[in-house]
Amino acid sequence: MRYLLLPFTPRYILLTIALLGTVALATVVALDPETLPALALPLVVFGALVLLGICDLMQTRHAILRNYPIAAHIRFILEHVRPELRQYFFEAEKDGTPFPRDKRALVYQRAKQQLDTRPFGTHYDVYRDHYEWLHHSIQPKEPASELFRTTIGGAECTKPYSASVFNISAMSYGSLSANAIRALNKGAKIGGFAHDTGEGGVSRYHREHGGDLIWEVGSGYFCCRNKDGSFCPEKFADIATAPQIKMVELKLSQGAKPGHGGVLPAAKVSKEIAEIRGVEMGQDCISPARHSAFATPIEMMQFIAGLRSLSGGKPTGFKLCIGHPWEFLAVVKAMLKTGITPDFIVIDGKEGGTGAAPLEFMDHLGMPLREGLTFVHSALIGANLRDKIKLGAAGKIVSGFDMARVMALGANWCNAARGFMFALGCLQSQQCHTDRCPTGVATQDRLRQRAIVLSDKSVRVAHFHRETVIALAELIAAAGLNHPRELRPYHFMRRTGPDRIVSFTELYRFMEPGELLSGTTHPSLKEAWEVASAESFAPQGASGPGNIMLAAE
């Protein structure tokens, strides 16, 4: 009896209805053929549902389809549209990840030069843990009339660069569409700020409009590699000496997937990509997890000095997400031992974005921006090197407050990637890795990328930059300061409990000048400094590294 009733249970009722409907319609048509034109469509629909249900019962990949033929497809449909439903119907102003709705709206409004003010007060619960604010002054200053800039270039740099305090972070052609790269670079040209090429190399789309470029050189050495994938000084010099290249950035790691290489499959290595990157068409394009041009901190410093010389004396530095503390301190020791210092260091926070990364890397590997930035800033102070090196910061920075906060912790300028993607029209659909970006930003589909109208989007990019830096200037003036370089950790507060607030000075301890050299008692730096070596990235000594590892465990 149970099996006889099974077709009428919720599990199979849709298949049963489809089957009965097909039989009934077929019977009517058989008895009266003149009804066929009127019943043809419903007969095809019911028949197709019957075939679908039978296929569901017979297939072996999805257990839920075998138990709920036809009906289970509703689950897959809802799962597919779930992100859109949540974003458009259920998401509050402060909800949404990686960027909340109000932050995305802020970028759109500034890019379009629409009203970006908000009514009726903050949506934040200001008595909730982790709420942060900037102290204002009883005697605020007038906002600066000119957009803030900072000069990058140390003693060995013969062509220092006056950079905006807000620039486009590394995004490669290949990850972004040709039209997106064009719009970003033209916007940078209009607004007078810099555009980082990403490790994919300098494409013709980067060059087209003449915007200032920061050339990022990754472990694949794209645009400057020999056939075997090793670094080619001659090819590097040919590109790096071009007037449009303003700085050279050696990429050690990125925040969203530090320590992870990449492979562009051979099927995706088009003739154009192959020519730009200097790889063979039809072969996998490999970006290794580590560099082959150097193996020790000293060799890395020598490599940076070589890049600076080959570029004609342009500012040369490196970008990384902080990992093992002794590795960065080993680089600091190599600076001291060789006398070679980079002109800048960009700290990429683990909250940084990427087109695609394994979940474990994206969620749980690498140090967040503020901790990484304060570590680097403090270490350079402790080694008496901070005044020789400028620091850039990247990681979910889209507003003037975001910029002010990291500049108080040591950054000289900020980079943003996803913020400028929003300015291009990105909806945070998170389809970057599928090549089906709905707005044409992160795709190589020519039909999709035509959605980006260069004349419109480039202006929006410039507007977003300008309005954000103006917002920073207004915040700085409200705090009674003239320039963001005057910001200090004590200007910012964080709530750590219902009845407790602390300044950033209490949250982040900074070393005194020369403290590392004279012997520090800083708990997170003392042992790491002792085991760091200029000759190796690995920790040295029998007891020191073990203690650090045990502490981490």
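The values are calculated or read from the model by the stated rules, or taken from the named source; none is laboratory data. A quick note: this is a predicted structure, and the numbers were derived from the prediction, not measured. Positions of Cβ are generated from backbone atoms using ideal geometry, with glycine treated the same way; all protein chains shown enter the neighbour counts. Remember, those area values only see protein heavy atoms, side chains included, never the ligands or the DNA or RNA. Shrake-Rupley method; radii C 1.70, N 1.55, O 1.52, S 1.80 Å.
Number of residues in region 48-65 that are open to solvent by 40 Å² or more (accessible area, probe 1.4 Å) and out of contact with any Lys or Arg (no Cβ under 9 Å at 6 or more places or on another chain) equals 9.
Taken over region 173-190, the criterion of being surrounded by fewer than 24 Cβ atoms within 10 Å (Cβ to Cβ) and in contact with a strand residue (DSSP E or B) (Cβ under 9 Å, 6 or more places away or on another chain) is satisfied by LYS189 alone. Of all residues in region 100-111, those satisfying the criterion of being touching a residue at least 60 places away in the same chain (Cβ under 8 Å) and farther than 25 Å from ARG128 by Cα are VAL107, TYR108, ARG110, ALA111. Among the residues making up region 299-326, those that are out of contact with any Pro (no Cβ under 8 Å at 6 or more places or on another chain) and assigned to a loop (DSSP other than H, G, I, E, B) are SER311, GLY312, GLY313, LYS314, ILE322. Among the residues of region 479-526, those identified as in contact with a Ser or Thr (Cβ under 9 Å, 6 or more places away or on another chain), in contact (Cβ under 8 Å) with a residue 12 or more places away in the chain and among the charged types (D, E, K, R) are ARG485, ARG488, ARG494, ARG509, GLU512, GLU515. Within region 367-384, can one find any residue that is open to solvent by less than 20 Å² (accessible area, probe 1.4 Å) and in a loop (DSSP other than H, G, I, E, B)? Yes; the residues of region 367-384 include at least one that is open to solvent by less than 20 Å² (accessible area, probe 1.4 Å) and in a loop (DSSP other than H, G, I, E, B).
Among residues of region 480-523 being more than 16 Å from SER378 (Cβ to Cβ) and part of a helix (DSSP H, G or I), the one that is most open to solvent (accessible area, probe 1.4 Å) is ARG485. Pairing residues of region 427-448 that are more than 16 Å from ALA183 (Cβ to Cβ) with residues that are assigned to a helix (DSSP H, G or I) and among the acidic types (Asp, Glu), at Cβ distances under 8 Å and at least 6 apart in sequence or on separate chains, gives SER429/GLU84. When you scan region 426-439, do you find a residue that is of a type in the set (Lys, Arg), open to solvent by 30 Å² or more (accessible area, probe 1.4 Å) and under 24 Å from the mean Cα position of the chain (by Cα), even just one? Taking every residue of region 426-439 in turn, at least one turns out to be of a type in the set (Lys, Arg), open to solvent by 30 Å² or more (accessible area, probe 1.4 Å) and under 24 Å from the mean Cα position of the chain (by Cα).
Regarding region 34-47, can at least one residue be identified that is surrounded by 13 or more Cβ atoms within 10 Å (Cβ to Cβ), under 20 Å from THR9 (Cβ atoms) and out of contact with any Gly (no Cβ under 9 Å at 6 or more places or on another chain)? So far as region 34-47 goes, no, none of its residues is surrounded by 13 or more Cβ atoms within 10 Å (Cβ to Cβ), under 20 Å from THR9 (Cβ atoms) and out of contact with any Gly (no Cβ under 9 Å at 6 or more places or on another chain).
Of the residues in region 354-362, at least one is among the aromatic types (Phe, Trp, Tyr), part of a helix (DSSP H, G or I), in contact (Cβ under 8 Å) with a residue 12 or more places away in the chain and open to solvent by 10 Å² or more (accessible area, probe 1.4 Å).
Suppose the filter is over 29 Å from ILE273 (Cβ atoms), not in a loop (DSSP other than H, G, I, E, B) and not polar (S, T, N, Q); does ASP125 pass it? No: the conditions fail for ASP125. Remark: pairs (first residue in region 80-99, in contact (Cβ under 8 Å) with a residue 60 or more places away in the chain; second residue hydrophobic (A, V, I, L, M, F, W, C) and outside any loop (DSSP other than H, G, I, E, B); Cβ separation under 9 Å; 6+ apart in sequence or on different chains) = PHE99/VAL107; PHE99/PHE422.
Just one of the listed residues (PRO7, PRO42) is over 30 Å from PRO368 (Cα atoms), assigned to a helix (DSSP H, G or I) and modelled with pLDDT under 90, and it is PRO7.
Within region 440-454, track down each residue that is open to solvent by 20 Å² or more (accessible area, probe 1.4 Å) and touching a Lys or Arg at 6+ places or on another chain (Cβ under 9 Å). Once the filter is applied, which keeps residues that are open to solvent by 20 Å² or more (accessible area, probe 1.4 Å) and touching a Lys or Arg at 6+ places or on another chain (Cβ under 9 Å), region 440-454 yields GLN444, ASP445, ARG448, LEU454. Just one residue in the set GLY21, GLY96 is closer than 30 Å to SER399 by Cα and open to solvent by less than 40 Å² (accessible area, probe 1.4 Å); that residue is GLY96. Listed by first and then second residue, the pairs linking a residue in region 140-162 that is touching a residue at least 12 places away in the same chain (Cβ under 8 Å) to a residue that is in a loop (DSSP other than H, G, I, E, B) and basic (Lys, Arg), with Cβ atoms under 6 Å apart and 6 or more places separating them unless they lie on different chains, are LYS159/LYS314.
Taking the criterion of being part of a loop (DSSP other than H, G, I, E, B), modelled with pLDDT of 90 or more and charged (D, E, K, R), the only residue of region 408-463 that qualifies is ARG450. Against the criterion of being modelled with pLDDT of 95 or more, open to solvent by 10 Å² or more (accessible area, probe 1.4 Å) and in a loop (DSSP other than H, G, I, E, B), ILE138 qualifies.
Here's a check for you: in region 107-121, which residue that is loosely packed, with under 10 Cβ neighbours inside 10 Å and within 30 Å of LYS457 (Cα to Cα) is farthest from the chain's Cα centre (by Cα)?
Restricting to residues being loosely packed, with under 10 Cβ neighbours inside 10 Å and within 30 Å of LYS457 (Cα to Cα), the top hit is PRO119.
Scanning region 330-350 for residues that are open to solvent by 10 Å² or more (accessible area, probe 1.4 Å) and either in contact with a strand residue (DSSP E or B) (Cβ under 7 Å, 6 or more places away or on another chain) or not in a helix (DSSP H, G or I) (or both) yields LYS333, GLY339, ILE340, THR341, ASP348, LYS350.
Scanning region 299-323 for residues that are in contact with an Asp or Glu (Cβ under 7 Å, 6 or more places away or on another chain) and among the aromatic types (Phe, Trp, Tyr) yields a single hit, PHE318. Look at (1) over 28 Å from PRO539 (Cα atoms); (2) hydrophobic (A, V, I, L, M, F, W, C); (3) more than 26 Å from the chain's Cα centre (by Cα) and you find that ILE286 fails only one, number (3).
When region 84-122 is filtered for residues that are outside any helix (DSSP H, G or I), polar (S, T, N, Q) and more than 17 Å from PHE420 (Cα to Cα), the ones remaining, listed by number, are THR117, THR122. Filter region 260-301 down to residues that are of a type in the set (Ser, Thr, Tyr) and at pLDDT 85 or above and give me whichever is surrounded by the fewest Cβ atoms within 10 Å (Cβ to Cβ). Applying the filter and picking the extreme gives SER292.
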